[in-house]
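**Student:** Mind looking over this structure? Questions follow.
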Amino acid sequence: MDSAVSTRLNGRVAVVTGGGAGIGAAIAERFAREGACVAIGGRRAALLEETRGRIVDAGGSCLTVAGDCATEEGAAAIFAQAKERFGPVDLLVNNAGIAGPTAPIWEQQFAGWEETLRINLSGPWLCAREAARQMMPLARGRIINIGSMSGKRPLANRTPYTSAKMGLVGLTKTLAVELGAFNINVNCISPGAVNTGRLAEIARAANVPLERVLEGAAAGAALKRISEPADIAALAAFLASDEASNITGIDITVDAGVWFS
């Protein structure tokens, strides 16, 4: 481990869904660098192992659990294995998600809507339920939902994704009230455009060059750039720490300065 890195998460046990790449991998690696034992879940086992390799090579502790955390069985499995390996879970980051279909509603199929809502909203609900069951007896915990600035304003042709992300804000605020008496904080991070493979997926779905998507996203930001996964990971590490002990029920945007009415 790099001795210059904070150890404010020492002794914590974290579950990070969608931890194989992009934002999820960055959060898992940041948590491990700050001392947490991390269990990462996702449907692509090879990517999970790549993330685990980087964490272990840096001196951290990591468990991979391949599966679908947006099913009752998958959510139960990652929390059971994390507890068996490291002890009760203190931290949950609900990061797993999909872009969903890109088309006007009259051209979409119900299957695309249903799958997007299942992974992007039902999955966080299922994992939050498992987390609460382990955190409540400890009288401590942090749940961090990874939303989107699309959860704050309309986004034409992305009804499944936007509806799920708006729902995630409601889930965050409601869980903050329900779990506050057990000293469990629940917050949401809503990134704008982030430099991950997700932007390439969106560009392909919209049939436009990736460069145009990147340039457009940067042009609309006050800082004239998009975010990196490390930007989201830094905020997640803060919210997971004792420094954020009195912050709950909020939705924080990280978008390099994009504002919408």
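The values are calculated or read from the model by the stated rules, or taken from the named source; none is laboratory data. Keep in mind it's a predicted model, so treat the numbers as computed, not measured. Using ideal geometry, Cβ is built from the backbone for each residue, glycine included, and neighbour counts are taken over all protein chains shown.
**Student:** For the range 96-111, state whether one or more residues are in a helix (DSSP H, G or I), among the polar types (S, T, N, Q) and surrounded by fewer than 23 Cβ atoms within 10 Å (Cβ to Cβ).
**Tutor:** So far as the range 96-111 goes, no, none of its residues is in a helix (DSSP H, G or I), among the polar types (S, T, N, Q) and surrounded by fewer than 23 Cβ atoms within 10 Å (Cβ to Cβ).
**Student:** Pull up the range 151-199, narrow it to residues that are part of a loop (DSSP other than H, G, I, E, B) and out of contact with any strand residue (DSSP E or B) (no Cβ under 9 Å at 6 or more places or on another chain), then point me to the one that is nearest to ALA218 (Cα to Cα).
**Tutor:** Result: THR196.
**Student:** Further question: Which condition number in (1) part of a loop (DSSP other than H, G, I, E, B); (2) crowded, with 16+ Cβ neighbours inside 10 Å; (3) among the basic types (Lys, Arg) is the one that LYS224 fails?
**Tutor:** Condition not satisfied by LYS224: (2).
**Student:** Further, regarding this structure: Name the residue that is farthest from GLY100 (Cα to Cα), counting only residues in the range 132-186 that are charged (D, E, K, R) and touching a residue at least 60 places away in the same chain (Cβ under 8 Å).
**Tutor:** ARG142
**Student:** Just give me the residues in the range 230-253 being within 16 Å of the chain's Cα centre (by Cα), among the β-branched types (Val, Ile, Thr) and surrounded by fewer than 18 Cβ atoms within 10 Å (Cβ to Cβ), in sequence order.
**Tutor:** Once the filter is applied, which keeps residues that are within 16 Å of the chain's Cα centre (by Cα), among the β-branched types (Val, Ile, Thr) and surrounded by fewer than 18 Cβ atoms within 10 Å (Cβ to Cβ), the range 230-253 yields ILE250, ILE252.
**Student:** Looking at TYR161 and the list (1) of a type in the set (Ser, Thr, Tyr); (2) under 30 Å from ALA139 (Cα atoms); (3) crowded, with 18+ Cβ neighbours inside 10 Å, which single condition is not satisfied?
**Tutor:** Exception for TYR161: condition (2).
**Student:** Condition check: surrounded by fewer than 19 Cβ atoms within 10 Å (Cβ to Cβ), among the polar types (S, T, N, Q), at pLDDT 95 or above and on the phi < 0 side of the Ramachandran plot. Does GLN134 satisfy that?
**Tutor:** Answer is no for this residue.
**Student:** Just give me the residues in the range 133-147 being part of a strand (DSSP E or B) and among the small types (Gly, Ala, Ser), in sequence order.
**Tutor:** GLY141
**Student:** Can you tell me which residue among THR116, THR51 is polar (S, T, N, Q), assigned to a helix (DSSP H, G or I) and either at pLDDT below 95 or over 20 Å from ILE144 (Cβ atoms) (or both)?
**Tutor:** Residue meeting the stated conditions: THR116.
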